[in-house]
Every structure is written in structure tokens, then in C-alpha cells.
1. Which condition number does N12 fail, the rest of (1) part of a helix (DSSP H, G or I); (2) more than 13 Å from the chain's Cα centre (by Cα) being met?
2. With respect to the numbered conditions (1) more than 15 Å from the chain's Cα centre (by Cα); (2) in contact (Cβ under 8 Å) with a residue 40 or more places away in the chain, which one is the sole condition not fulfilled by L72?
3. Quick one: which of E53, E32, E45 is acidic (D, E) and within 12 Å of the chain's Cα centre (by Cα)?
4. Considering only residues that are among the basic types (K, R) and either in contact with a strand residue (DSSP E or B) (Cβ under 6 Å, 6 or more places away or on another chain) or surrounded by 14 or more Cβ atoms within 10 Å (Cβ to Cβ) (or both), which ones fall in the stretch 17-45?
5. Just give me the residues in the stretch 40-62 being under 12 Å from K21 (Cβ atoms), part of a loop (DSSP other than H, G, I, E, B) and of a type outside the set (S, T, Y), in sequence order.
6. In this structure, does G37 turn out to be part of a helix (DSSP H, G or I), on the phi > 0 side of the Ramachandran plot and at pLDDT 95 or above?
Amino acid sequence: MDWRDHIDSDPNVIGGKVRIKGTRIGVAFLLELFGAGWTQEQVLESYPHLTVEDLQAVFAFASETAEDVRLLPSQRSAA
């Protein structure tokens, strides 16, 4: 799957955030829903204009772009 078929960014829509094409639904928002425990079925029921392919594209995008992220070691002190 090429996520570019489903995801884009427009500076005039939701502040240029990455989104599902033709919608105002941001990729980060959808990832937050999944991170909060939503299922694919719940997302599709709540946002019926989205498709399974749109959601697959979200994860393909996240997977590809996660390769560019580097986290710094935790600064937490041992308690």
C-alpha cells in the first residue's frame, strides 16, 4: 500500500497537518484514538466516510515516518 494515495497535507486545511485526503481528519488524531484503545470498527462507525484502506494508510505512514524519529535517553532519575 502506498499511503500517499490516502494521505496528504494542505496548508489551508487543519493548519497543514497531515490528514486523510478530502477530510479534516488528521493522522495524529486517528493515531491518538487507536492509542486510547479504539478499535478499527469503532473508528469506522464514528467516521463512516473513512475506509479500511484509509486506516491502513495511517499505519503505513506512521511506520515509514517512525524510521526518522530518534528518542533521547530518558532523563528520569531512579526513585
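1. With (1) part of a helix (DSSP H, G or I); (2) more than 13 Å from the chain's Cα centre (by Cα) applied to N12, the lone miss is (1).
2. Status for L72: all satisfied but (2).
3. Being acidic (D, E) and within 12 Å of the chain's Cα centre (by Cα) holds for just one of E53, E32, E45, which is E32.
4. K17, R19, K21, listed by residue number.
5. H49, L50 - these are the residues of the stretch 40-62 that are under 12 Å from K21 (Cβ atoms), part of a loop (DSSP other than H, G, I, E, B) and of a type outside the set (S, T, Y).
6. Numbers: part of a helix (DSSP H, G or I): no; on the phi > 0 side of the Ramachandran plot: yes; at pLDDT 95 or above: yes.
Considered against the rule, which asks whether it is part of a helix (DSSP H, G or I), on the phi > 0 side of the Ramachandran plot and at pLDDT 95 or above, G37 comes out as no.
Residue by residue, here is whether (1) modelled with pLDDT of 95 or more; (2) small (G, A, S); (3) within 22 Å of M1 (Cα to Cα) holds:
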residue: E41; (1), (2), (3): yes, no, yes
residue: L50; (1), (2), (3): yes, no, yes
residue: E53; (1), (2), (3): yes, no, yes
residue: E64; (1), (2), (3): no, no, yes
residue: L72; (1), (2), (3): no, no, no
residue: Q75; (1), (2), (3): no, no, no
residue: A78; (1), (2), (3): no, yes, no
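The values are calculated or read from the model by the stated rules, or taken from the named source; none is laboratory data. Not measured: the values here are computed from a predicted model. Cβ atoms come from the backbone with ideal geometry, glycine included; neighbour counts cover every protein chain shown.
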